[in-house]
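Notes for the one structure printed next.
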Amino acid sequence: MSQMAQLAERFPAAGKIAAWPKPVQLAAAAAAVAVFVALLLWARTPEYRTLFANLEDRDGGAIVAALTQMNVPYKLSDSGNAILVPSDKVHEARLQLAQQGLPRSGEAGFELMDQTRFGASQFTEQINYQRALEGELVSSIQGLHAVQHARVHLAIPRESLFVRDRQPPTASVLLTLYPGRSLSESQVSAITWLVSSSVPHLTADKVSVVDQNGRLLTAPTGEAGADGSRRSLVDDIEQRTVQRILTLLNPLVGAGNVRAQVSADVDFAQREQTSEVYRPNRKPGEAAVRSEQTSSSVQNNVLPPEGVPGALTNQPPLNATAPIVAAPANANQNPAAPNAANQANQAQGAAPQNNLSTAQTGQNPAATPSGSSRSDATINYEVDRTISHIKDPLGTLRRLSVAVVVNYRDNDGTPEALPAAELEKLNDLVKQAMGYSAERGDTLSVINSRFSDERAAKTPIWENPVYLDYAIRLVKYLLIALAALFLWRGIIKPLVADNAQLKLKRQEEAQEKEKNREQLAAAEKLAAEMSRYEENLNTARNMAEKDPRAVAMVLRSWMEKKDANR
């Protein structure tokens, strides 16, 4: 027998394959080899893990391009929002991408300024700067623990040369918070101040913050939005004042023996005042000198203009000659006469009349000066001016009204009023605790009175609302219990009993059927045995009739065996 036949006997399937034609056998062998190779390659395929998830399209494209340059295999998830790389290259790829600044966390910041193009207009540069500023603010806001994503919109108007035409910038912030997290008022205020401090001329009240549910997180600037904060400020002043009063008086009169109420009048009007005051000038020695101007002019022996008006006057003079003139006879008799005339002319502001030279008159020039003298002085003093700009704070305490009631002291079970001196001390303590100011118009009233200890009459149990509530609940539970009992006794229990009886009846029927089946099988078996006995008996009769001698020999052998066994 050949090996193929033996293999076919051991493996029937192999025998069937052996019966195939040769081309079919070759194709089957090639398919088996291909499946084996595919399984081997699948077993050697590296396990992929998530590199980054929830990426924007811009960041995803940049990361895929960087992975291609680094020769790192990658795959995209079925949803397309995650990039997968081999598990042994996850950390290395993250470090290399972080060195390249990837991912960029959505919004681009001042990196936009690195991509400036030649010939860009001023409008384009302004838009790029605004986009960069918005991106930087988004990155800063997303650093908060509760913020998942943020978006900032800046409305920056164009600068105007005219102050009255300038418009202040505004900003709006959209926040997407992590599930189950929220922002407190202080955190919202921090976001508004962060944005306003990053944009020139932007105030915090011009910043609006909205969450992903459309709720305005910043309080409106109108009166309606400020009511809550104003009421909180008034309540805080009143509660703190009451707490200070109780802290001082409780150790003195006992806990529960003092009651205090405070009413605070707070001025929420916002005022700005600019004043310019001019004071009277001070003494010249004490005032500040702004400018001083002094002019002095002295002229001696100045001759008046002479000559005939015309072109001849402009010609240069001829060489001077000193004529020899004899002195008059009376020149030494009255030498002071010409000088007196000159002084008179000088006093009248006229030119001196003596036109003779000193050589002619024979006088001393130092003894007889001639000419004019002038001196002017102008001093400007600074004006004493005061310019003050006063801006009152918002929420100024205008007046406090305090009412304090002190209980009688207990003197061996008997109520007793406090002495006037002690009550005056308590009054002084309350003034110090509340910060009493008479100039502000504060009012204080400290009264010593017996507290009412009358207790309300006990109401019957059936009229007490607490017990009535308990009774209603008890009746409700009893009704529910009765309804449940009725359902159990009237509906559920009979159904359960009927179901049990039906099941028991079915079991009995099944047992009876089984018993009948066994009896029928026993009867059939007995009938079969009886039929077999009859057949054997008939066979023996027929054999005895046909061959009595053989039957006799069989009977004799049976009898001998029976005797041998005995």
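The values are calculated or read from the model by the stated rules, or taken from the named source; none is laboratory data. Since the model is a prediction, treat every value here as computed from it, not as a measurement. No Cβ is skipped: glycine too gets one built from the backbone with ideal geometry, and neighbour counts run over all protein chains shown. When the accessible area is computed, the model is the full protein with side chains, heavy atoms only, and any ligands, DNA or RNA have been set aside. Shrake-Rupley method; radii C 1.70, N 1.55, O 1.52, S 1.80 Å.
How many percent of the accessible area of the stretch 421-566 is carbon or sulfur, using a 1.4 Å probe? Answer for the stretch 421-566 is 58 percent, counting heavy atoms of protein chains only. In this simple spin-label model, placing a label point 7 Å from the Cα along the Cα-to-Cβ direction at both A27 and A190 gives a separation of 7.3 nm.
In terms of overall dimensions, the C-alpha atoms belonging to the stretch 170-262 reach 56, 34, 24 Å along their principal axes, ordered largest to smallest.
Summing Lys and Arg as +1 and Asp and Glu as -1 over all other residues whose Cβ lies under 14 Å from the Cβ of N542 gives a net charge of -2. In the structure shown, do any of K391/K431; K206/K431; K515/K561; K476/K505 have a Cα-Cα gap over 32 Å, and if so which? Beyond 32 Å between Cα atoms: K206/K431; K515/K561; K476/K505.
Which net charge results when you count Lys and Arg as +1 and Asp and Glu as -1 among the other residues whose beta-carbon is under 15 Å from that of A484? Here the count lands on +3. For the stretch 521-566, the per residue solvent-accessible surface stands at 97 Å², with DNA, RNA and ligands left out and a 1.4 Å probe. Summary of packing: across the peptides 423-433, 527-537, 390-400, the per-residue average of other C-beta atoms within 10 Å ranks them, highest first, as 423-433, 390-400, 527-537. Close amide H contacts of V209 (hydrogens built in the peptide plane, cut-off under 5 Å, sequence separation of 5 or more or a different chain): V173, L217, T218.
As an equivalent ellipsoid, the stretch 123-187 spans semi-axes of 30, 15, 7 angstrom, where each value is the square root of five times an eigenvalue of the C-alpha gyration tensor, largest first. Neighbours of V298 by Cβ distance under 15 Å: Lys/Arg scored +1, Asp/Glu scored -1, total 0. Here N538 and V496 are evaluated by their C-beta separation; at R0 = 45 Å the FRET efficiency comes out at 0.15. The H on the amide N of L84, modeled in the peptide plane, is under 5 Å from the matching H of L51, K75, L76, S77, each at least 5 residues off or on a different chain.
Solvent-accessible surface of protein heavy atoms, probed at 1.4 angstrom with all chains present, puts W193, W488, W462 in the order W462, W193, W488, largest first. The solvent-accessible area of R385, taken with every protein chain present and a 1.4 Å probe, is close to 130 Å².
Given in Å, the Rg to one decimal and the Dmax to the nearest whole number for the Cα atoms of the stretch 435-566 are 51.6, 160.
Taking a straight line from the alpha carbon of K546, these aspartates and glutamates sit under 20 Å away, with near neighbours fewer than eight places off in the same chain left out: E534, E535.
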